[in-house]
Amino acid sequence: MYAGIIGISGLSWLKLAYFPFIIAMTRFYSLNIIIPLSLLIPFNALRSFTISRENIVWETAFSIFLVLTSVVASLIFNSLRSEREKAVNEFEKIRAGARDRTQDTEMESLGSDELISHYFASKIKANEEIQELLHAIKHAVFADSAHFFEPHGDTLSLRCSTDDRGKVIITGKGVMATCLKERKPFFSGEVDEKKIEVGYIKDIRILSIIAIPVMEGSSPVGLLIVDTSRYHAFSEPEQKTVKMFSGQIAKILERERVYNIVKHEITALRIIKEFSSSLAASIHYDDVINKLCHYSGQAFSGNAFFFEHDTQGFVVKYFPNEISGGAKEIDFRGTLAGLAIENGHMEYVSDVKQFVMKVLPPQFRTEDVRSVIAVPLFFEGALIGVFGMLSKQKEFLDSRQISLVEVMCNQAATSIANAKMHAEIERMATTDGLTGLFNHRVFQQKLTEELKRSERHETPLSLLLTDIDFFKKVNDTYGHPVGDLVLKGVSKILQKEIRDIDTAARYGGEEFVVILPGTDSMGAKNFAERLRKAITAETFSSEGRTLKITTSIGIATMPADARTKEELIERTDQALYHAKHNGRNQSVAWGTIR
């Protein structure tokens, strides 16, 4: 159509419009399409083409420059796409790092206290994380700079920027104020400083801008802005990209806000400070619950209770009075505690005699209770449990004290969640991920402890080292998934056979170790044979295939066979070596091979 217009008008200079057309096409198509298209364009003028030296030179030059334009434009757009992919990969790397800053390899090498410190340190590195995101945004949308502003009343302050802090001067109002007030994004590809006031100035002129309010729920908590000195620099995909990044910043701020709220609240009043200081040293779940009930009872002269919520329902963790008929199944329906759980907020009754609903289920004695408070505890939307206080006095809490109870419960909810997190981290740091048994590091610690106890009480201690016979053949024949199944099965048998005072651990590969406190060589031999036979009798099956295995076990005993920890381990290993090289599927005590 365009070639026809040129032919009818006779204005050959209109062919120059093919150049921006080709440039626009390179954004969507690759070179193997653009170059043939460039070569075809001159053929549109063949009908009106007059053969002459001048025309041939003109058309040839036109075609050559059109092809060169298409090649250069394609290379530029390919480079831009590559930069964008690089920025997206960088962003994904940042997101992955934010989700899990403590890698599995680190967990194996760090102690539990170090892991907890590392976890809390990562929680308050908000500025570092936001700065990383701003650099990722800048690369993702090809901006000159990216900034994050925070509101403080009616003013804004620059918190993080890819520019040097002195280069950005906040003037207020304009786009920044409007975005925060209306809670809507702002996009402009042609900023006219006479008509549009951005709200800040830089050492270079701003011509294109994207401003996104960072929201936490329905409230703005900041403003994310990217800018450039290029006209019409940002398209709709860039706008969506910036909006996606604003969501990540909101998550960082939410994490920081929770931390700061807790930090500020525990300093508000002496009793909360004392309670929080105590919780700061509590990394065990039961310890947190006990302190919550203890401190609240001291502060408000009431008897505290706590029911833990899990997937099976509610479990009594703390109750001051006698429980009649057991408490295996707790039904809170039709009770004040149930009302608090159902509504998801605190319930306080100043005079139970004026209240028709029961305080707690029948098995919990509340006959002499005159006033009560029940508070459901949540963490990140999940119900943790229900805390409450019973008092024989009418109106035992005033409005200020009720607020303090809620503050304590909020703090306790965070501490309970942290205690559960610590338990999970400790479990991961001390147990083998495949079998669930203690790992080698914990085995060494346990053995040292048991040897000291054995020496102090002058009691024997035996060590067993068991190895699965021909385990490599199992892996080679059936595959590693079946090998893992065998390892898990053996670990379950170990856990079933040992006593509460014994310790079973994965020593490494297909080797397992058992510490038997207070057990002499004969007792260890009997246990080893019982364990060996139980493993031999087990049938392992996977995907219709079954197999049986055998094990060899080495035994050594303190003080009969060894005097030191290293000697005990070495002689247990020697006994295992003897068992494996003399027929396998047997248990051998070191004392019998001397």
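Numerical summary
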| read-out | value |
| --- | --- |
| Sequence-distant residues sharing a close amide H with Ile206 (under 5 Å, placed H) | none |
| Derived scalar couplings ³J(HN,Hα) [region 508-516; Karplus, 6.51 cos²θ - 1.76 cosθ + 1.60; whole Hz; x for Gly, Pro] | x, x, 9, 9, 10, 10, 10, 9, 10 |
| Under 13 Å from Lys317, Cα to Cα: aspartates and glutamates that are on another chain or at least 8 residues apart | Asp286, Asp287, Glu308 |
| With every protein chain in place, region 401-512: carbon and sulfur % of accessible area (1.4 Å) | 51 percent |
| Other-chain or far-sequence residues with amide H under 5 Å of Gly385's (modelled H) | His309, Leu377 |
| Amide H contacts under 5 Å for Val221, placed H, 5+ residues apart | Val214, Met215, Glu216 |
| Mean Cβ neighbour count within 10 Å, used as a protection proxy, ranking 444-456, 500-512 highest first | 500-512, 444-456 |
| Under Karplus coefficients 6.51, -1.76 and 1.60, residue-wise ³J(HN,Hα) of region 155-172 in Hz, glycine/proline x | 10, 10, 10, 7, 8, 9, 7, 7, 8, 4, 4, x, 7, 10, 10, 7, 9, x |
| Qualifying aspartates and glutamates (Cα of each under 16 Å from Cα of Lys358; at least 8 residues distant if same chain) | Asp331, Glu342, Glu347, Glu367, Asp368 |
| Heavy-atom surface of region 491-594, accessible at 1.4 Å and reported per residue (Å²) | 50 Å² |
| Viscosity 0.692 mPa s, 37 °C: Kirkwood-radius Stokes-Einstein D of region 434-526 over Cα pairs, µm²/s | 233 µm²/s |
| Region 121-251 - percent of accessible surface contributed by carbon and sulfur, probe 1.4 Å | 51 percent |
| Length-normalised contact order for region 357-475 - Cα pairs under 8 Å, 6+ apart - percent | 14 percent |
| Region 385-452 - accessible surface per residue (Å², probe 1.4 Å) | 42 Å² |
| Global size of region 121-242 as Cα Rg and Dmax, reported in angstrom | 13.6, 46 |
| Hz values of 3J(HN,Hα) by residue in region 222-236 - Karplus curve (6.51, -1.76, 1.60), Gly and Pro given as x | x, 9, 9, 10, 10, 9, 7, 8, 9, 6, 6, 7, 10, 9, 4 |
| 30 Å Cα-Cα threshold exceeded, pairs from Lys138/Lys420; Lys251/Lys492; Lys420/Lys533; Lys291/Lys565; Lys173/Lys251 | Lys138/Lys420; Lys251/Lys492; Lys420/Lys533; Lys291/Lys565 |
| Spherically averaged projected area of region 401-486 from its Cα convex hull (nm²) | 10.3 nm² |
| Burial order of peptide ranges 137-147, 532-542 (average beta-carbon count within 10 Å, highest first) | 137-147, 532-542 |
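The values are calculated or read from the model by the stated rules, or taken from the named source; none is laboratory data. This structure is a prediction, so every number in the text was calculated from the model and none was measured. Note that we place each Cβ from the backbone using ideal geometry, even for glycine, and neighbour counts take in every protein chain shown. For accessibility, only protein heavy atoms count, side chains too; no ligands or nucleic acids. Shrake-Rupley method; radii C 1.70, N 1.55, O 1.52, S 1.80 Å.
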